[in-house]
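A short write-up of the structure that comes next.
The values are calculated or read from the model by the stated rules, or taken from the named source; none is laboratory data. All values reported here derive from a predicted model rather than from experimental measurement. Here the Cβ is made from the backbone with ideal geometry for all residues, glycine too, and neighbour counts use every protein chain on show. To get the accessible areas, we keep the full protein, side chains included, count just its heavy atoms, and leave off ligands, DNA and RNA. Shrake-Rupley method; radii C 1.70, N 1.55, O 1.52, S 1.80 Å.
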Amino acid sequence: MTTYIIITLCVLILIAYIFDLTAARTKIPTVILLLLTGFIVQQITFHLGIYIPDMSELLSVFGTIGLILIVLEGSMELELDRSKKHVVTKSFFMALLPMVVLGGMLALIVFLVTGASYKDALTNALPLCVISSAIAIPSAQILSKSNREFVTYETSLSDIIGVVLFNFIALNETFGLVTFGVFFLDIIFTLLISFAGIIGLSVLLHKITHHVKFIPIIMLVVLLYAITKELHLPGLIFIMLFGIFLGNLNHLHKIPWVKVFHIESLKKEFIRFHELTIETAFLIRTLFFLVFGFMIKTEELTDLNTLPWAVGITVAIYGIRYAFMHLFQVKESTILYIAPRGLITILLFMSITPNDAIPLISKSMIIQVIILTAVVMMTGL
């Protein structure tokens, strides 16, 4: 049995690699093919009578590690200089404002339809408002460098802002000056932790001479994120800042305290670290979507009660996105379609407590919105 599991895993990962290689030509988002593959494997195991235990906890672990690696990978590809100020500002507001407008609108509708509190309605609506960098960044590889850069900034910021807003709303019962004061103190504290973490990890990256060095550093990055998450701090800020630091060593050599890292030596280590991060992110992302596809039930895909809601939400996503693209003069029309929901939507939805959950925002609706936005992106590309 163990041999069959190993063979199956190897075959599935190789199939996923083929999907990744051909995505630029077929224009089919890899996530759709991975979800479909996981679903087919589930049907096969069911008809063969093979028992597979519940993998919900495994899905959450893969999702969290995948999110960390994807944001780290994306942020290492971002260049920071004065010429990037405009694109960073524009992508920040494109990540924030559509999320706020869509979240507020969906929460109001859920509040009016279900009678739930507006706080709970907003907690349930926010997962649907976050663009998935796990899907968008790989799909944007066919775009020009400037547009690919914009997508990387926007989707990474969308993940970070979405997680921060979700935790802020879900973890607070009341909202006043004290609540917002504590929130901003948390941001400042996270920045301080990020600064210390960046220095510590950079020193390790330079100082460790053992032939095994990158996996321990990745594990330290995951550990720091897990600790900040347990303290209800926005740990993705640290991940993004660490990636930006490593990816911009060429621009940092003039800063006095950075010189202690021996930049030229660190650049060589960065190239190897970046390559390992890309490959590890591919593996974890593949396993996440395969497992999620395996857990999808037929009735969830074909639930006609949630389908009209899913279609309406998808239309709202792109309608609001179009309005803000026009407002901020984002002229590349293809970017309009790159607003998929995916990994972060699933993770946030799974983290809603039973007391805060609203039946209207169900797993069926989440799956349908993910698939619809992926199809829209495929069509646009």
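Bridgeable aspartates and glutamates around LYS297 (alpha carbons under 16 Å apart, same-chain partners fewer than 8 residues away excluded): ASP54. Model label sites at GLN329 and VAL113, defined 7 Å from Cα along the beta-carbon direction, differ in position by 3.8 nm. Pairs of Lys residues in the range 1-160 are counted when their Cα atoms are under 24 angstrom apart and they lie 8 or more places apart or on different chains; the count is 4. Take the chain with all the other protein chains still there, run a 1.4 Å probe, and you get 49 Å² of accessible area per residue.
Where in the range 294-331 does the label zone of PHE93 land, with the point 7 angstrom along Cα→C-beta and an amide N cut-off under 20 Å? The answer is 318-331, whose backbone nitrogens lie closer than 20 Å to the label point. Each part gets one Cα centre, and for the range 295-348 versus the range 143-208 those centres are 24 Å apart. Legend: residues GLU269, GLU154, GLU275, sorted from most to least accessible area (1.4 Å probe; ligands, DNA and RNA excluded), read GLU275, GLU269, GLU154.
Within the same chain, aspartates and glutamates fewer than 8 places from LYS229 are excluded, and of the rest, those with a Cα less than 20 Å from its Cα are GLU57, GLU73, ASP159, GLU173, ASP186, ASP356. Solvent-accessible surface of protein heavy atoms, probed at 1.4 angstrom with all chains present, puts HIS232, HIS211 in the order HIS211, HIS232, largest first.
Taken along the Cα-to-beta-carbon direction at a fixed 7 Å, the label points for LEU48 and ASN248 span 5.0 nm. Set the Förster radius R0 to 35 Å, insert the Cβ-Cβ distance between ILE227 and LYS268 as r into 1/(1 + (r/R0)^6), and round the FRET efficiency to 0.05. Efficiency, rounded to the nearest 0.05: 0.75.
The charge dipole of the chain, taken about its Cα centre with unit charges on the Cβ of Lys, Arg, Asp and Glu (plus for the first two, minus for the last two), comes to roughly 1020 debye. Can you find, among GLY176, LEU360, GLY115, the residue farthest towards the positive end of the dipole of the chain? Put +1 on the C-beta of Lys and Arg, -1 on that of Asp and Glu. Projecting each Cα onto the dipole axis, the largest value belongs to GLY176. When both the range 111-129 and the range 1-37 are represented by their alpha-carbon centers, they are found 35 Å apart. Relative contact order for the chain: 32 percent, from Cα pairs under 8 Å spaced at least 6 residues apart, divided by residue count. Within straight-line reach of LYS363, meaning a Cα separation under 13 Å, sit the following aspartates and glutamates at least 8 residues removed in sequence or on another chain: GLU299, GLU300, ASP303. Between the beta carbons of PHE183 and SER60, assuming R0 = 25 Å, the FRET efficiency works out to 0.50 to the nearest 0.05.
Applying 1/(1 + (r/R0)^6) with R0 = 22 Å to the Cβ-Cβ distance of VAL212 and THR3 gives a FRET efficiency near 0.20. Counting protein heavy atoms only, the chain has 70 percent of its accessible area on carbon and sulfur, 1.4 angstrom probe. Toward the positive end of the charge dipole of the chain, with +1 on the Cβ of Lys and Arg and -1 on the Cβ of Asp and Glu, the farthest Cα among HIS326, MET378, VAL130 is that of HIS326.
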